[in-house]
Amino acid sequence: MKRYIKIFALSSLLVLGACSEDFLENEPYTDKVTDSFYKTPADAYEGLVAIYDVLQREAYGTQLIVSEQASDNCFGGFGVADPMVDLEWDRFLYTTDKDMNGLIWTNSYLGIYRANVLLENLDKVEWGTNAALKTQYEAEARFLRAHFHFQAAKMFGDIVPLDHTVKPDQFELPRQAAEVTYALIGSDLKFAADNLGSQNYSKPKDPNFGRITKWAAEAYLARTFLFYTDYYKKPDLAGVVTKAEAVSYINDVVNNSGHGLVEDFAHLWLAASFEDFALEDNTEIVWAVRFNGSGKGNWNLNEGNRFQVNIAPRGGSIGKYATGWGGATVSPKLYNAYSPGDTRRDATIISYDAENLNFDAQKREQRQYTGYSWKKYCPITDAAGTAITEVKGGNFQIDNDQDYAIIRYADVLLMAAELNLDGNAGIAQADLDQVRDRAFQNTTNRVPVSKAAIMKERQLELALEGQRYFDLIRQGVDVAKAEIDNTNSDPQFNVTFRTETLGWFPLPQSQVVISNGTIQQNPGWN
């Protein structure tokens, strides 16, 4: 049986730079027969682009918004007549849509599949004197395979790890124990970290911005190490990466990557800074998913950031903020968690009252109105109140173009603080101080370094970036319950985290059914 892969031709503004003119002029969707396709480095490059392409689908509103709704940062939100599924993510229910996490599962395995296709065909390419290019492509593909595995594993727990394309007789493979998946993740990330060069693409107008670097691999390795060792109470990353190695990798990013913090936290986010926006290709971005608005309303293309409309103010533009669907309304608990003088609060969250914005929740049919919504990633308008996306000729639903930062240097510093805490408290303190000094724009708000202080700082620094829920469950389900549970005089805001789920989300029921019994539903979701 011949295997087919759908290759997506992307513009150089999207993910990968330095494309040939012929490549850019290909049809948007081209079916390639893998048995005969991979012959030249250019063919391998197309296969690599196809893997990167899946990243854009992840930001439509899957892991990012679902994990924030499930955390103590946000409620479900959206409109009063919208489907109930967003309330169920918020309240840990599983009633109306048994495939509520279907996109998360399928996007992850689409990315894994495409990565495996390329990796299995690299030896068929006539590399000539470009052996180093082959190693680079292998490292990028293995990093992305690790990323897609981790996206699924941190949502669902035990998954089906795949280091090869499956044959027809393997379509009913069972889930594996976590250490099997994380051994593959660790091995892939270690290969990427050890085999990519020292280039830093986070430079203005660098055509390679958005591609995987050594520094992204080392930082991502630290992220997976912390999650796995914390949640599963293990001393190392599945026998592949030791604590000492994880410390060495993250310290290498801090000391040698050339990444750094932008001067003002607000400058990282367009809606918080406008003319002072640092742009996405700034020194703080270690790795981001790239987007552009070149689709111009074409729903068959996947180039714009389709996530942004989900969290924008519901019912029409208001002030400088463009309209959207009002999803994941921000909890007052998060807004009030910031200390006076912390510049991150007003750069992260829209407070309608504080900004003198008359938001009529009833007229706008906003569900779970809290008075707060996302400023990070919120699309903006021009002076006339028209969404910038529409001014550029795009559709406000699918053509927003702000990149999604998966790893920022501030996160690197906080991971370094956490990993160095037991072995070198001085380094841990210095790393934490950098983040707080930037937040308060002074050195007088420093706090003694500790695990609790680091985790609190992660909540404030990385709020609405998809990290909070996983930081909670890796500390233990009791910690997650204590933070997430919410009792309110208005029952629409009542939330009860169910420890019997172990923090995992329900598997798509369709996957359970088609597995013919080899996959069982996660605990607490039957």
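Any read-out appearing in this document is the output of simple, stated calculations on the displayed coordinates, not a laboratory observation. All values reported here derive from a predicted model rather than from experimental measurement. Reconstructed Cβ throughout: ideal geometry from the backbone, glycine too, with neighbour counts over all protein chains shown.
Table for the structure above
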| read-out | value |
| --- | --- |
| Residues with amide H under 5 Å from that of Gly324, placed H, sequence gap 5 or more | Arg314, Gly315, Gly316 |
| Gain in span if fully extended, Glu179 to Lys124, counting 0.36 nm per residue against the direct Cα distance | 16.6 nm |
| Global size of the chain as Cα Rg and Dmax, reported in angstrom | 22.2, 70 |
| Positive minus negative residues near Asp478 (Lys, Arg vs Asp, Glu; Cβ under 15 Å) | -2 |
| Sequence-separation-based contact order of the chain, relative, with Cα cut under 8 Å and 6+ spacing, percent | 18 |
| The stretch 327-409: trypsin sites (Lys or Arg not before Pro) falling in loop per DSSP and having at most 15 other Cβ within 10 Å | Lys363, Lys392 |
| At R0 = 22 Å, FRET efficiency that the Cβ-Cβ distance of Lys39 and Gln199 yields, to 0.05 | 0.20 |
| Cβ-defined net charge surrounding Lys154, 10 Å radius [Lys, Arg +1; Asp, Glu -1] | +2 |
| Extension reserve of the Asn358-Glu172 stretch, reckoned as 0.36 nm per residue once the Cα distance is removed | 61.5 nm |
| Full-extension gain in nm, Asp437 to Thr499, via 0.36 nm per residue minus C-alpha separation | 18.7 nm |
| Spin-label model distance (nm) - Thr518 vs Asn300, 7 Å beyond Cα toward Cβ | 3.5 |
| The stretch 128-175: chymotrypsin sites (Phe, Trp or Tyr not before Pro) falling in loop per DSSP and having at most 16 other Cβ within 10 Å | Phe171 |
| Neighbourhood net charge (14 Å Cβ-Cβ; Lys/Arg +1, Asp/Glu -1) for Gly426 | -2 |
| Amide H contacts of Trp287 (H built 1.01 Å from N, under 5 Å, at least 5 apart or other chain) | Ile406, Ile407 |
| Convex hull of the stretch 190-240 built on C-alpha atoms - directionally averaged projected area, nm² | 4.0 |
| Model label zone, Asp97; criterion: amide N under 13 Å from point 7 Å along Cα-to-beta-carbon; scope the stretch 483-526 | 508-509 |
| Per-residue Cβ neighbour rank within 10 angstrom, fewest leading, Glu126, Glu218, Glu172 | Glu126, Glu172, Glu218 |
